[in-house]
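See structure below.
The values are calculated or read from the model by the stated rules, or taken from the named source; none is laboratory data. The structure presented is a predicted model; accordingly, all values stated were derived computationally and were not measured. Ideal geometry is used to build each Cβ from the backbone, glycine not excepted, and the neighbour counts take in all protein chains shown. Note: areas computed on protein heavy atoms with side chains; ligands, DNA, RNA excluded. Shrake-Rupley method; radii C 1.70, N 1.55, O 1.52, S 1.80 Å.
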Amino acid sequence: MINSVLDCVEDRTGAVSGVKHFLYEDIPASSGWHQVLGSVAMFCFLVQVVTGILLALNYAPTPPDAHASLRFILTELTSGRLIRGLHHWGASMMIVVVGMHLLQTFLWGAYKKPREATWMLGVILLLLTLGFGLTGYLLPWDNRAYWGTVVTTQITAKAPIAGPYILRLMGSEDGNIGVQTFARFYGAHVLLLPPLMMMLIGLHVFLVRKHGVAPAPVETEPKKKFFPGQVFKDTVAIFIMFSILFALATMVRVPLGKIADPTDTTYIPRPEWYFLFLFQLLKFFEGPLEIIGSMVLPGVAVGLLFATPFIDRGAAIKLRQRTFAIGIVLFAGIGWASLTFAAMRSTPHKEPYQSFTAEEVAAVGSFRQGQCWQCHGVTPGDMKAGPNLADIAVHEERDALVAHFQKNAGNRGLKDLQFRQLATFMRKLDDESVVAIASTPINVVSGAQLYMKNNCGVCHSINSAGGKSGPPLNGVAKRRDRTWLEGHFGDPQKFSPGSMMPAYKFERADMDSMLAYMETLKD
Amino acid sequence: MAEETLEKRRGFLVGSIAAMMGTISAALGLPALGYLLVPGREKKKSDWIEAADLSKLMVNQPEQIIFNRVRRDGWKLVTEKAAAWVVKTGEQQVVAFSPVCTHLGCAVSWNSGDKTFACPCHTSSFSPDGKVIAGPAPRPLDRFDVRVDGIKVMLGDVKKSAEG
């Protein structure tokens, strides 16, 4: 029965013999585990295609809807977090696998004659993979996406002669990023790059088939078949890769930050990890030399990669004798790793609560005092009686929330004003701020509550929120020492003559909390 | 003998390949089904909207009321125009029909000549109390939840009418 169906299909399309021809290809006897990476890379791409299409089915590719729709995917839809996690980590995974594939091909000398074109196509595929990463980075439209892309466009804008035109091509007139740049990036990410990638992967595989899998320098045994031995090895490697990817997607949350804010001067832009080395490289070249770090060196590196088969024209030799090639890989690897490491170390760490207003930090205190944590988890996967605030978005109206608080936490010493501030905070909760509910230190919270109780915000501002008649408090604790601050609270006019600030006599513990809070306020 | 072990090994390899590919497909496919088929978590009941003035309605004289309502549309809250056929049936009693034909969703309008709601698409017609008189419509017109507060007529959610 099955056979007659297969015969019928075979007679009309030739599909059966086509598949057989593909599976029963002759490969060298030396082929094995070291040659699985091409298949794994292709599978990575397939996962990106599937998850990318799924995301696109619930995504609005225009700012600011992009952010709202992604938030909807993450907080409202079943498996939304998983699918976004797979797509996010899948991108990194693909870079890693493609890099390993390149490394293996290089070390084994598989780019040598007649496989030069296969190698060069591979380099183009690597660049396309990086292009996916670059264009996809903007699409969540949060601060991370926005500021990361601002830096990218500014770098390319500095290219000699072509700079302004490249900037124009990216839909940006004066270096600003808006709907047009977004449309260009999204269009490239989903309409331009995928078919290009598919065609070139097809061509790459065709050339691999045309020249056959690269043999070892000396092959003694007769050739073997691709199926099932090598296919099994490929599948095991794919399975391992997918298991790691799945574990990352379920266990390491990719936060969606606050919606892109071009006026946010406190955000510290950083590119994705695989571009960090370039980011760091730029720091070594200043002024007119900058172009060396941003264009010349990366350009030379890509050029050398392309030219590898023509620079090294020697006959294929055993891996163990390729000392020069191993030396280059070690040199490049150490260089890349130290640049990346340096970039990571130079990234200042900022706790989520450090960008909060005082009212928001105090709201964290209300959440704790109201013992809301008895029913609501605030970390992913923390199952409690009520909804987990790390997994959902709060849509309830402010009045409804206040009524909910009064009903469930009315007897815990909180005032109506605090309930209203908590409600406002809850409605603004996002992936980053929800972390702060658990992580903000106790004395910082007490300090913010004290700040609210004494109405300091009438004159002073914290993170740009508050009054203008007194100085902003960000960075004050860095410029003044503890004795000065303590003394100033007790007798402001003594320390800053002409100040209109009234004196505050805090108890020891309160003074400590207030100073602890002030120390967290960065410029 | 050697051929038999070779055959066994081949069977093991093919079986393993199928099992691993199957697992991966399920790990991608099942979440995808949930993602595409399960509706969003957030369910929002419409607020009561003041739509008409009871004193201006005539008994058994359907009146088309256009009002604005807020609806959750995926990731958005949209304010949109909505319509209802409001019929005063007694001193303090009002019913409000959704103007959407229960057949294929065209807008029905009141035909004052023969006192029916008529659908322009496939000639379904409904009596003043919403029942199907003629045409392919499978069930009576859907009704809004109605609350009468003094002279204010308030509309809530649309309730699907029962079959037949």
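Residue count for the stretch A:141-188, restricted to those that are free of Cβ contacts under 8 Å to residues at least 60 places away in the same chain and among the basic types (Lys, Arg): 2. The requirement of being outside the structural domain of residue A:454 (by TED's automatic domain parsing), in a helix (DSSP H, G or I), surrounded by 14 or more Cβ atoms within 10 Å (Cβ to Cβ) and touching a helix residue (DSSP H, G or I) at 6+ places or on another chain (Cβ under 6 Å) is satisfied by residue A:364.
For the stretch B:1-51, the set of residues classified as touching a residue at least 60 places away in the same chain (Cβ under 8 Å) and among the hydroxyl-bearing types (Ser, Thr, Tyr) consists of B:46 only. If I filter the stretch A:70-121 down to residues being under 27 Å from the mean Cα position of the chain (by Cα) and of a type in the set (Lys, Arg), which single residue comes out as nearest to the other protein chains (Cβ to nearest Cβ)? Among residues in the stretch A:70-121 that are under 27 Å from the mean Cα position of the chain (by Cα) and of a type in the set (Lys, Arg), the one nearest to the other protein chains (Cβ to nearest Cβ) is A:71. Candidates are the residues of the stretch A:34-64 that are part of a helix (DSSP H, G or I) and at pLDDT below 95; the one that is surrounded by the fewest Cβ atoms within 10 Å (Cβ to Cβ) is A:34.
Can you tell me which residue within the stretch A:134-157, out of those that are of a type in the set (Ser, Thr, Tyr) and surrounded by fewer than 23 Cβ atoms within 10 Å (Cβ to Cβ), is nearest to residue A:192 (Cα to Cα)? I'd like the intermediate steps shown before the answer.
Within the stretch A:134-157, the subset of a type in the set (Ser, Thr, Tyr) is A:135, A:137, A:146, A:149, A:152-153, A:156.
This time we only want the ones that are surrounded by fewer than 23 Cβ atoms within 10 Å (Cβ to Cβ), so: A:135, A:137, A:152-153, A:156.
Details: A:135: 11, A:137: 16, A:152: 19, A:153: 19, A:156: 20 Å.
Top of the filtered list is A:135.
Exactly one residue out of A:216, A:260 is more than 14 Å from chain B (Cβ to nearest Cβ), in contact with a Ser or Thr (Cβ under 6 Å, 6 or more places away or on another chain) and either crowded, with 17+ Cβ neighbours inside 10 Å or over 22 Å from residue A:48 (Cβ atoms) (or both), and it is A:216. Among the residues examined, residue B:79 qualifies as of a type outside the set (Lys, Arg), open to solvent by 50 Å² or more (accessible area, probe 1.4 Å), away from every other protein chain (no Cβ under 14 Å) and within 25 Å of residue A:394 (Cβ to Cβ). The set of residues in the stretch B:53-75 that are hydrophobic (A, V, I, L, M, F, W, C), over 21 Å from residue B:39 (Cα atoms) and not in a helix (DSSP H, G or I) comprises B:57, B:58, B:59, B:65, B:66, B:67.
Residues that are assigned to a helix (DSSP H, G or I) and open to solvent by 80 Å² or more (accessible area, probe 1.4 Å) within the stretch A:370-405 comprise A:373, A:374, A:398, A:399, A:404, listed in sequence order. Residue B:139: open to solvent by less than 50 Å² (accessible area, probe 1.4 Å) and either under 30 Å from residue A:62 (Cα atoms) or touching a residue at least 12 places away in the same chain (Cβ under 8 Å) (or both), yes or no? Judged against the criteria, residue B:139 is a match.
Residue count for the stretch A:230-254 under the criterion of being open to solvent by less than 20 Å² (accessible area, probe 1.4 Å) and not aliphatic (A, V, I, L, M): the result is 4. The set of residues in the stretch A:1-33 that are in contact with a helix residue (DSSP H, G or I) (Cβ under 6 Å, 6 or more places away or on another chain), part of a helix (DSSP H, G or I) and under 30 Å from residue A:90 (Cα atoms) comprises A:23, A:33. Against the conditions (1) in a helix (DSSP H, G or I); (2) among the hydrophobic types (A, V, I, L, M, F, W, C); (3) modelled with pLDDT of 90 or more, residue A:435 satisfies every one except (3). Of the residues making up the stretch A:482-523, those that are buried (at least 17 other Cβ atoms within 10 Å of the Cβ) and assigned to a loop (DSSP other than H, G, I, E, B) are A:501, A:520, A:521. Among the criteria (1) farther than 16 Å from residue A:148 by Cβ; (2) surrounded by 17 or more Cβ atoms within 10 Å (Cβ to Cβ); (3) touching a residue at least 60 places away in the same chain (Cβ under 8 Å), the one residue A:225 does not fulfil is (2). From the list A:50, A:36, which one is of a type in the set (Val, Ile, Thr) and within 11 Å of chain B (Cβ to nearest Cβ)? Sole residue among the options that is of a type in the set (Val, Ile, Thr) and within 11 Å of chain B (Cβ to nearest Cβ): A:50. Put simply, of A:332, A:393, A:363 the only residue that is out of contact with any His (no Cβ under 7 Å at 6 or more places or on another chain) and closer than 30 Å to residue A:107 by Cβ is A:332. Every condition in (1) within 14 Å of chain A (Cβ to nearest Cβ); (2) open to solvent by less than 70 Å² (accessible area, probe 1.4 Å); (3) aliphatic (A, V, I, L, M); (4) part of a strand (DSSP E or B) holds for residue B:24 except the one numbered (4). For the stretch A:389-408, name all the residues that are modelled with pLDDT under 90 and within 19 Å of residue A:438 (Cβ to Cβ). A:390, A:391, A:392, A:393, A:394, listed by residue number. Got a number for residues in the stretch A:6-25 being open to solvent by less than 70 Å² (accessible area, probe 1.4 Å), more than 19 Å from residue A:235 (Cα to Cα) and not small (Gly, Ala, Ser)? Residues meeting the conditions: 4.
Checked against (1) within 37 Å of the chain's Cα centre (by Cα); (2) at the interface with chain A (Cβ under 7 Å from one of its Cβ atoms), residue B:29 passes all but a single condition, namely (2).
Filtered by the rule that a residue be under 14 Å from residue A:90 (Cα atoms) and either in contact with a Ser or Thr (Cβ under 9 Å, 6 or more places away or on another chain) or open to solvent by 20 Å² or more (accessible area, probe 1.4 Å) (or both), the stretch A:120-133 gives A:130, A:132, A:133. Scanning the stretch A:441-481 for residues being in contact (Cβ under 8 Å) with a residue 12 or more places away in the chain and in a helix (DSSP H, G or I) gives a total of 15. Among the residues of the stretch A:506-523, is any at pLDDT 90 or above, under 27 Å from residue A:258 (Cα atoms) and of a type in the set (Asp, Glu)? Checking the stretch A:506-523: at least one residue is at pLDDT 90 or above, under 27 Å from residue A:258 (Cα atoms) and of a type in the set (Asp, Glu). Selection of first residues in the stretch A:429-440 that are closer than 15 Å to residue A:350 by Cβ and of a type in the set (Lys, Arg) and of second residues that are in a loop (DSSP other than H, G, I, E, B) and open to solvent by less than 50 Å² (accessible area, probe 1.4 Å), restricted to Cβ pairs under 7 Å at least 6 apart or on distinct chains, gives an empty result.
May I ask you to say which residue of B:91, B:7, B:50, B:42 is open to solvent by 30 Å² or more (accessible area, probe 1.4 Å), part of a loop (DSSP other than H, G, I, E, B) and either within 14 Å of chain A (Cβ to nearest Cβ) or in contact with a Lys or Arg (Cβ under 6 Å, 6 or more places away or on another chain) (or both)? Outline the logic, then answer.
Details: B:91 fails: either within 14 Å of chain A (Cβ to nearest Cβ) or in contact with a Lys or Arg (Cβ under 6 Å, 6 or more places away or on another chain) (or both); B:7 fails: part of a loop (DSSP other than H, G, I, E, B); B:50 fails: part of a loop (DSSP other than H, G, I, E, B).
Step by step, each of B:91, B:7, B:50, B:42 is checked, and only B:42 is open to solvent by 30 Å² or more (accessible area, probe 1.4 Å), part of a loop (DSSP other than H, G, I, E, B) and either within 14 Å of chain A (Cβ to nearest Cβ) or in contact with a Lys or Arg (Cβ under 6 Å, 6 or more places away or on another chain) (or both).
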